[in-house]
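Here is the structure we will look at.
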Amino acid sequence: MSSFMKASIGRKFFMSLTGLFLIIFLFVHLTLNLLLTFDDSGVLFNEAAHFMATNPIIKIMEPILALGFIIHIIWSGWITLENMKARPKGYQAGDNLLKWYAPAKNMFILGGMVLIFLIIHLFNFYVKMRFTGDPLLNQPGPGLEDGVHNSYALVANLFIHYPVYDIIYILGGILVGLHISHGFWSAFQTIGLNNSKWMIRLKFLAHLVAFLIGAGFAYIPLYFLIKF
Amino acid sequence: MSNIDSKIPEGPLAEKWSRHKAAIRVVSPANKRKLDIIVVGTGLAGASAAASLGELGYNVKAFCYQDSPRRAHSIAAQGGINAAKNYQNDNDSVYRLFYDTIKGGDYRAREANTYRLAEVSPNIIDQCVAQGVPFAREYGGTLANRSFGGVLVSRTFYARGQTGQQLLLGAYSALNRQIDAGSVEMYARHEMLDVVLVDGKARGIIVRDLTNGEIKRFGAHAVVMATGGYGNVFFLSTNAMGSNGSAAWQAYKKGAYFSNPCYVQIHPTCIPVHGSQQSKLTLMSESLRNDGRVWVPKKKEDAERLRKGEISAVDIKDEDRDFYLERRYPSYGNLVPRDVASRAAKERCDAGFGVNAEGKAVFLDFKYAIERLGRETIEKRYGNLFQMYEKITDVDPYTHPMQIYPAIHYAMGGTWVDYNLMTSIPGLYAIGEANFSDHGANRLGASALMQGLADGYFILPYTIGDYLAGEIMVPKIDTNTPEFDEAEKNVTGRLEKLYNIKGDQPVDYFHKKLGHIMWEYVGMSRNEEGLKKAIEEIAELKKEFWSNVRVPGEMNNINPELEKAGRLADFLDIGDLMARDALNRNESCGGHFREESVTEDGEAKRNDEIGCYASAWEFQGEDKEPVMHREELVFENVKLTQRSYK
Amino acid sequence: MADKILKKIYVKVWRQNNPSEKGRFETYEVENVSQGSSFLEMIDILNDQLIREGKDPIAFDHDCREGICGMCSMYINGHAHGPDSEITTCQLHMRRFEDGETITVEPWRAGAFPVIKDLIVDRTAFDKIQQAGGYVSVNTGGVPDGNTIPISQVDAEEAMDAAACIGCGACVATCKNSSAMLFVAAKVSQFAKLPQGKVEAKRRAKAMVAKMDELGFGGCTNTGACELACPKNISISHIARLNREYLKAKFSD
Ligand SMILES: Cc1cc2nc3c(=O)[nH]c(=O)nc-3n(C[C@H](O)[C@H](O)[C@H](O)COP(=O)(O)OP(=O)(O)OC[C@H]3O[C@@H](n4cnc5c(N)ncnc54)[C@H](O)[C@@H]3O)c2cc1C
Ligand code: HEM
Ligand code: SF4
Ligand code: FES
């Protein structure tokens, strides 16, 4: 199996599985986050956030998710490095067949920017909710039981009072969307679940998924920006 | 006065090969391991031979001048490969294929060889299918066939328009398997420059490593030449840029007879020459004639206006079109053999009906087939050919007829071999297009691929065993001997000589001139005066070449100009021999058309009284007249008739 | 069909005398080139000129000049085989260029394809991959009749689609990772589609991929550039099949 890990196709196999896993996570995450926009009182969102923070299944999934990210990120660096080594000298006239901005050509850069966004994102919310705490979390709110954080207040505050973050989050949505617009069908290609007929369908689906996720995440800060 | 022994086995035609196989010797597996064989060339003939010999257990070294064995010019064959399978139930048989080949070759081939070729042809298809060659299939899953120029049955197997490529890749894969197994060592980008004889037997070769100019020696118990044809004598041909006659010519100079050099095939469906900068001619597969109709305008004025570009083909009405092949040859129509179709095109163009600016092109029109079968069917059959045509000419053949003109395509002549495919030098073999082979004076379409693979898979591996069985006591060939020293010295000397001329003109300048002489006087139509003139002009050109060629670059580096110079030096000599052979053969037969020998209505007239022989030229020394031996051709099984396609 | 004449063009071309030399670009002027000439004929004209000037002509690979041998290999203006689709360099015509244009010509760039001289690169890595398993293990003779195993037309056609690869290396040259996946996929896919090839499918996929990795080609990231550059239109759906074949083989170990 170690030869599989080192083989070019083996390495990609792990990228593909982790990538698809991350996409599933993003869907769950997005569904939850959209609750922010359905109920301005914050009750719905706070309930859901509480559920996520306490449910045992989610608890188990959390480290797996972290592992998924870590594998995806480490492997992406490894693959990218190896692939760069395969062409020690580049072209003077450049490489003009695919446009310079094609996501397929820029997965590492897109992923890297997503990673930066992720770190910001983690510091904005996750770290505060889990570890450091924040006065806003303890702010009373409608329907809040004992010991349940007012996550809504934390999120709404950021998005309402710091437009810079709105822009960062909108960008984050777009970047993830671009990453997935290639990543989704590519993942199926990598595990061999593709052929000439499905190629078109998968590429279409990839764009659909990318749009849903990208637009979905971008919609939340936009909502706050416009509404409040 | 024939001192030529073609070693044709006794017995009835149909039994000769099996009797021969039963009679010849076989080498034991233990001894095979001790025997080395050199195979020069990795086309269909060479790759199949090297692979099969490797499988048998011999130590094989294979050579080619390209960067990979897969690129040999066999790759360019489009149309297909014949085999007497009778899958179509159209009454095909080994005998019919044999008969068609003999007749198509205008009764200038050996009966026994040709029969053997037809006999092993079905095995070739089986072999290729087993290798995973993706031949075209019917809906039911069986192999598909089509008919091909000059015959009345459907026996041609094909893989889209890339049959040669697929067959070569099949042979290449078999070769790769042996390379992987260690039984074949492959030397790509190595050009053979001489064959080394020890005590009269072929014992090795001298090659130049084309990547760094190093001259190397290789020894072996037998040497096989599978180096393809010499069509590039004409400069413009459908051969690859590197196709050459050098290996065969060096063998000739060492004593191997050269046979029927005047037989070259002109292919009727090539894209016409355009301007003076053209480097090579592109063939449009003969299969196109199955559905395309050949025509020129009936009226000269129309032709003139076409040449000036005032009108285009589609402006000419059907009744003003002269479908001259259908007119002259009603029973075969557009499917007459290549030589007939080629001369007919030349005749029309010479008479002033040519349709391109140069006046050297005729139309091949698919309008009628598209009307009859629909564009989709035509697209399916010829899509890639049409695409290639459009890329080259910028004309869409779905809406406008193609323009075609004959071009040099194939060399029926080549190194003389006996029934065992051994040349007149013991231990030196020639297979594929390189030998003078089984096609007589004209080759049928789709038969060269068949012959290359027949030689390589099924004939040479048997016959070479007969010779090698006598060599098992010979130890590994030592290449540090006076014979190898001498051969290497000659090779180096010649290269240095070429390099040091430092004249004014690049190699191509002379090659184009040679091509011009050949096309003019030793081309589609020949006469005594022209041939004599050709011999003179070639001699002059040769002198000029050897005093004024400029070879740039370095000796010990990649140097394409040096390669070209060496090849051209040999082409000049081959051209000379072709003219001599053509002069000697005062009859028209197959690809050789002598204006002195025609029927009343201008068709070629064979003369069996004087022509029933294969020439075998023997080298007598530099600038000395070569001597021609005659191998008399005896026909016991077919009756000689004039070919008629009327 | 009268073709226009390009009065003057500039050819900026990579010159490197041997594998160890550093190499550089040189720009040459070429005059009066017919647009009906092929690109290689234009290079012939340039070389003729260089020889007459006493300079070393540009070394480049070519042989059949009809788009089938796969020998020609030039990276022209940022495109493998030049700015036309579905053709090789030798089929590229000067119609694609304009008067006064500077045309940049480079060799294939990949660690696995080292430059030998000027525009000539060493592609023996491709042969080595094929030797690792790109064959059906049958000896000459002793095979069944060609019609014994029926093969559906669809499968035969699909195998033929893959088998059309000419081994030119444009896919490697174009791929940002210098990956040889399209080339390897073409062979594996051809055999995977045919009953003759299925017997050894597992061994073949593993051996060829291992060899490809060993020789320093990059990995595939599904950019799809290869299929756009491929003169024979080999589809990346064959890469999906290769992935499938490879994973199947690995997981059944
Ligand atoms: C455009 C075209 C289309 C054709 N179509 C058909 C067709 O449809 N059907 C058909 O039956 N036939 C066809 N033919 C003819 C047929 O393809 C050839 O006759 C046949 O493939 C020759 O095979 P070969 O193995 O003898 O030589 P080639 O395939 O020419 O191989 C020659 C080999 O010798 C090597 N070589 C040559 N000289 C040297 C040297 N000095 N040192 C080292 N190596 C050397 C080369 O590298 C090469 O590997 C066609 C030919 C052409 C040109
Ligand atoms: C939520 C976040 C992410 C999701 C949903 C995601 C999803 C995907 C998917 C589905 C693929 C395709 C896998 C394949 O082609 O087989 C992929 C590829 C890739 N990802 Fe991510 N990814 C995410 C984050 C990141 C991050 C943070 C990085 C790294 C810095 C990254 C770097 C890459 C790279 C470089 C590739 C291309 C690898 C290749 O094609 O070989 N991704 N991603
Ligand atoms: S896959 Fe296409 S680009 Fe790659 S080597 Fe084959 S023909 Fe060339
Ligand atoms: S020279 Fe053969 S493909 Fe271009």
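Miscellaneous remarks
- Filtered residue count, segment C:44-59, keeping only those that are in contact with a Leu (Cβ under 9 Å, 6 or more places away or on another chain) and either more than 21 Å from B:Arg550 (Cα to Cα) or more than 8 Å from chain B (Cβ to nearest Cβ) (or both): 1
- Among residues of segment B:151-183, those that are under 26 Å from B:Asp67 (Cα atoms) and assigned to a loop (DSSP other than H, G, I, E, B), counted: 6
- Segment C:221-237: number of residues that are within 20 Å of A:Met15 (Cβ to Cβ) and touching a Leu at 6+ places or on another chain (Cβ under 8 Å): 5
- The residues of segment B:583-611 that are out of contact with any Cys (no Cβ under 7 Å at 6 or more places or on another chain), of a type outside the set (S, T, N, Q) and part of a loop (DSSP other than H, G, I, E, B), listed by number, are B:Glu587, B:Gly590, B:Gly591, B:Phe593, B:Glu595, B:Glu596, B:Glu600, B:Asp601, B:Gly602, B:Glu603, B:Lys605.
- For segment B:308-393, no helices (runs of 4 or more DSSP H) sit wholly inside it while including 3 or more residues that are farther than 14 Å from B:Pro268 by Cβ and of a type in the set (Gly, Ala, Ser).
- Scanning segment C:67-78 for residues being at the interface with another protein chain (Cβ under 7 Å from one of its Cβ atoms) and buried (at least 22 other Cβ atoms within 10 Å of the Cβ) gives a total of 6.
- Where helices (runs of 4 or more DSSP H) sit wholly within segment C:138-253, those with at least 2 residues that are without any contact (Cβ under 8 Å) to a residue 12 or more places away in the chain and facing chain B (nearest Cβ under 10 Å) occupy C:153-163.
- Residue match in segment B:154-164 (condition: at the interface with chain C (Cβ under 7 Å from one of its Cβ atoms), free of Cβ contacts under 8 Å to residues at least 24 places away in the same chain, surrounded by 24 or more Cβ atoms within 10 Å (Cβ to Cβ) and touching a helix residue (DSSP H, G or I) at 6+ places or on another chain (Cβ under 6 Å)): no
- Selection status of A:Asp40, more than 15 Å from the chain's Cα centre (by Cα) and either modelled with pLDDT of 95 or more or more than 9 Å from chain C (Cβ to nearest Cβ) (or both): yes
- Of the residues making up segment B:56-97, those that are away from ligand 3 (no atom under 16 Å from the Cβ), within 12 Å of chain C (Cβ to nearest Cβ), more than 22 Å from B:Trp17 (Cα to Cα) and not small (Gly, Ala, Ser) are B:Cys64, B:Tyr65, B:His73, B:Gln78, B:Tyr87, B:Gln88.
- Residues of segment B:94-109 that are small (Gly, Ala, Ser) and assigned to a loop (DSSP other than H, G, I, E, B): B:Gly105, B:Ala109.
Every residue, every condition in (1) assigned to a loop (DSSP other than H, G, I, E, B); (2) surrounded by fewer than 20 Cβ atoms within 10 Å (Cβ to Cβ), yes or no:
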residue	(1), (2)
B:Glu529	no, yes
B:Lys532	no, yes
B:Ile538	no, no
B:Glu544	no, yes
B:Asn557	yes, yes
B:Glu563	no, no
B:Asp581	no, no
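Here is a yes/no grid of residues against (1) out of contact with any Phe, Trp or Tyr (no Cβ under 8 Å at 6 or more places or on another chain); (2) touching a residue at least 24 places away in the same chain (Cβ under 8 Å); (3) closer than 23 Å to B:Asn556 by Cβ:
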{"position": "B:Met192", "(1), (2), (3)": "no, yes, yes"}
{"position": "B:Leu197", "(1), (2), (3)": "yes, yes, no"}
{"position": "B:Gly204", "(1), (2), (3)": "no, yes, yes"}
{"position": "B:Gly213", "(1), (2), (3)": "yes, yes, yes"}
{"position": "B:Gly229", "(1), (2), (3)": "no, yes, no"}
{"position": "B:Val233", "(1), (2), (3)": "no, yes, no"}
{"position": "B:Ala247", "(1), (2), (3)": "yes, yes, yes"}
{"position": "B:Ala256", "(1), (2), (3)": "no, yes, no"}
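- Selection count, segment B:16-52, where residues are without any contact (Cβ under 8 Å) to a residue 40 or more places away in the chain and buried (at least 21 other Cβ atoms within 10 Å of the Cβ): 0
- Some residue of segment C:195-210 being within 16 Å of ligand 2 (Cβ to nearest atom) and either within 20 Å of the chain's Cα centre (by Cα) or surrounded by 20 or more Cβ atoms within 10 Å (Cβ to Cβ) (or both): yes
- Failed criterion for C:Val121 (all others in (1) within 13 Å of chain A (Cβ to nearest Cβ); (2) under 18 Å from the mean Cα position of the chain (by Cα); (3) of a type outside the set (Lys, Arg); (4) away from ligand 3 (no atom under 16 Å from the Cβ) hold): (4)
- The set of residues in segment C:83-108 that are crowded, with 22+ Cβ neighbours inside 10 Å, assigned to a loop (DSSP other than H, G, I, E, B) and within 11 Å of chain A (Cβ to nearest Cβ) comprises C:Pro107, C:Trp108.
- In segment C:17-66, the qualifying residues are those that are acidic (Asp, Glu) and part of a loop (DSSP other than H, G, I, E, B), and the one that is modelled with the lowest pLDDT is C:Glu66.
- For C:Asp3, the criteria (1) in contact (Cβ under 8 Å) with a residue 24 or more places away in the chain; (2) more than 23 Å from B:Val273 (Cα to Cα); (3) outside any strand (DSSP E or B) hold in every case but one, which is (2).
- Search result, residues across segment C:177-195 that are among the aliphatic types (A, V, I, L, M) and within 13 Å of C:Gly218 (Cα to Cα): C:Ala180, C:Met181, C:Leu182, C:Val184
The values are calculated or read from the model by the stated rules, or taken from the named source; none is laboratory data. Worth saying up front: this structure is predicted, and the values here are computed from it rather than measured. Using ideal geometry, Cβ is built from the backbone for each residue, glycine included, and neighbour counts are taken over all protein chains shown.
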